[in-house]
Amino acid sequence: MEKEIIISNKLTEISRVSQFVEEIGMSLRLPSELTMSINLAIEEVIDNIIKHGYPEGQSSEIILRVSFAPEELTFLIIDEGIPFNMEAHKEHENPLALEQQLTEGLGLYLIRRTMDTVTYTTIASQNYLALTKKISNTFQPEVTMRINKCKIEDITILAIEGRLDTVNAHKFQTAVQELLQEPVLNVIINCEGMNYISSSGLRGLILLQKNMAKRSGNLILEAMKPEIRKIFELTGCATLFTIR
């Protein structure tokens with residue numbers, strides 16, 4: 001099997017890429033945890049190519065080609081932007097550097113943790129990034145996102161159900177902005193009903209944490225499903241939050 005999508009080098013195209021990857025996951029009946037981790041990596045690659053690969057105002061196309069072999073899924077990303085020397089960039093291990101990466105771009109840190117093999121080459125004017133992931137065929141359908149809010153004394157509880165992904169990021173940010181208007185910031189985000197989180201969702205939580213810290217607030221994430229907790233551990237986000 002081989003499929004591809006061609007997008008322009010605009011950030012608004014990332015949602016198309018995310019949907020494309022999710023459709024691949026559904027067609028192959030991949031587990032939600034695997035689809036999430038793959039989407040995290042692909043979103044970050046495309047985001048970084050668009051932001052850093054082209055001079056401002058230059059239009060170009062980016063190709064995402066997916067091929068499937070038994071127990072192996074390969075994503076080939078082709079662009080004509082500025083070549084990126086992957087070997088010159090090392091992973092950051094300290095929490096401060098990690099937080100900076102997660103808010104400004106997960107980059108190689110996330111890609112190397114998510115994928116089994118990563119190769120990068122430049123031929124003529126084209127850059128080729130191949131990401132390979134070992135897979136198995138199990139899949140359960142997902143749902144959209146709902147946010148339920150309640151307040152107990154000076155503690156606000158947000159219960160997130162469904163998908164905290166690129167499509168629903170704006171809805172989450174709207175709820176966050178309402179929270180930040182309150183004089184006392186003690187927030188618990190109940191993740192029991194959350195069954196999917198993308199890099200956009202992770203960024204939203206990190207930005208909420210940073211804004212609350214500036215105002216001496218407290219943020220707690222609780223009741224995560226094991227597959228969601230694993231995404232936080234995989235990306236290093238578990239070290240940035242109070243999780244219980």
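The values are calculated or read from the model by the stated rules, or taken from the named source; none is laboratory data. None of these values were measured; they are calculated from a predicted model. Methodologically, a virtual Cβ is constructed for each residue, glycine included, from the backbone with ideal geometry; neighbour enumeration extends over all protein chains shown. Side chains are part of the model used for accessible areas, which takes the heavy atoms of the whole protein and leaves out ligands, DNA and RNA. Shrake-Rupley method; radii C 1.70, N 1.55, O 1.52, S 1.80 Å.
Exactly one of (1) at pLDDT below 85; (2) open to solvent by less than 30 Å² (accessible area, probe 1.4 Å); (3) closer than 16 Å to ILE157 by Cα is unmet by VAL187. Its number?
Against the list (1) at pLDDT below 85; (2) open to solvent by less than 30 Å² (accessible area, probe 1.4 Å); (3) closer than 16 Å to ILE157 by Cα, VAL187 comes up short only on (1).
I'd like the residue in region 51-70 that is of a type in the set (A, V, I, L, M) and over 17 Å from TYR120 (Cβ atoms) and, out of all such residues, is farthest from the chain's Cα centre (by Cα).
Restricting to residues being of a type in the set (A, V, I, L, M) and over 17 Å from TYR120 (Cβ atoms), the top hit is ALA69.
Of everything in region 122-145, what is surrounded by fewer than 16 Cβ atoms within 10 Å (Cβ to Cβ), farther than 30 Å from ALA175 by Cα, modelled with pLDDT under 90 and touching a strand residue (DSSP E or B) at 6+ places or on another chain (Cβ under 9 Å)? Give them in sequence order.
Residue satisfying the conditions is LYS134 alone.
With the checklist (1) touching a Lys or Arg at 6+ places or on another chain (Cβ under 6 Å); (2) closer than 25 Å to THR114 by Cα in hand, flag the one item LEU185 doesn't pass.
So LEU185 meets the others, but not (2).
Which of the residues that make up region 205-239 are open to solvent by 30 Å² or more (accessible area, probe 1.4 Å), touching a residue at least 60 places away in the same chain (Cβ under 8 Å) and closer than 22 Å to LEU179 by Cα?
Those that are open to solvent by 30 Å² or more (accessible area, probe 1.4 Å), touching a residue at least 60 places away in the same chain (Cβ under 8 Å) and closer than 22 Å to LEU179 by Cα: LEU207, LYS210.
If a residue counts only when it is at pLDDT 75 or above, open to solvent by less than 80 Å² (accessible area, probe 1.4 Å) and out of contact with any Cys (no Cβ under 8 Å at 6 or more places or on another chain), which helices (runs of 4 or more DSSP H) contained entirely in region 1-113 have at least 1 such residues?
Per the criteria, 14-27, 32-52.
Restricting to region 144-179, name every residue that is assigned to a strand (DSSP E or B), within 16 Å of the chain's Cα centre (by Cα) and of a type in the set (D, E, K, R).
ARG163
Quick one: in region 190-204, of everything that is open to solvent by 10 Å² or more (accessible area, probe 1.4 Å) and assigned to a strand (DSSP E or B), which residue is modelled with the lowest pLDDT?
Per the criteria, the residue is ASN195.
Is it the case that THR174 is free of Cβ contacts under 8 Å to residues at least 24 places away in the same chain and either touching an Asp or Glu at 6+ places or on another chain (Cβ under 8 Å) or of a type in the set (Ser, Thr, Tyr) (or both)?
Yes.
Could you list, ordered by first residue, the pairs with Cβ atoms under 9 Å in which the first is in region 116-134 and outside any strand (DSSP E or B) and the second is modelled with pLDDT under 90 and of a type in the set (Gly, Ala, Ser), at least 6 apart or interchain?
none
Restricting to region 158-177, give me the number of residues that are closer than 25 Å to ARG215 by Cα, modelled with pLDDT under 85, open to solvent by 10 Å² or more (accessible area, probe 1.4 Å) and among the hydrophobic types (A, V, I, L, M, F, W, C).
Residues in region 158-177 being closer than 25 Å to ARG215 by Cα, modelled with pLDDT under 85, open to solvent by 10 Å² or more (accessible area, probe 1.4 Å) and among the hydrophobic types (A, V, I, L, M, F, W, C): 1 in total.
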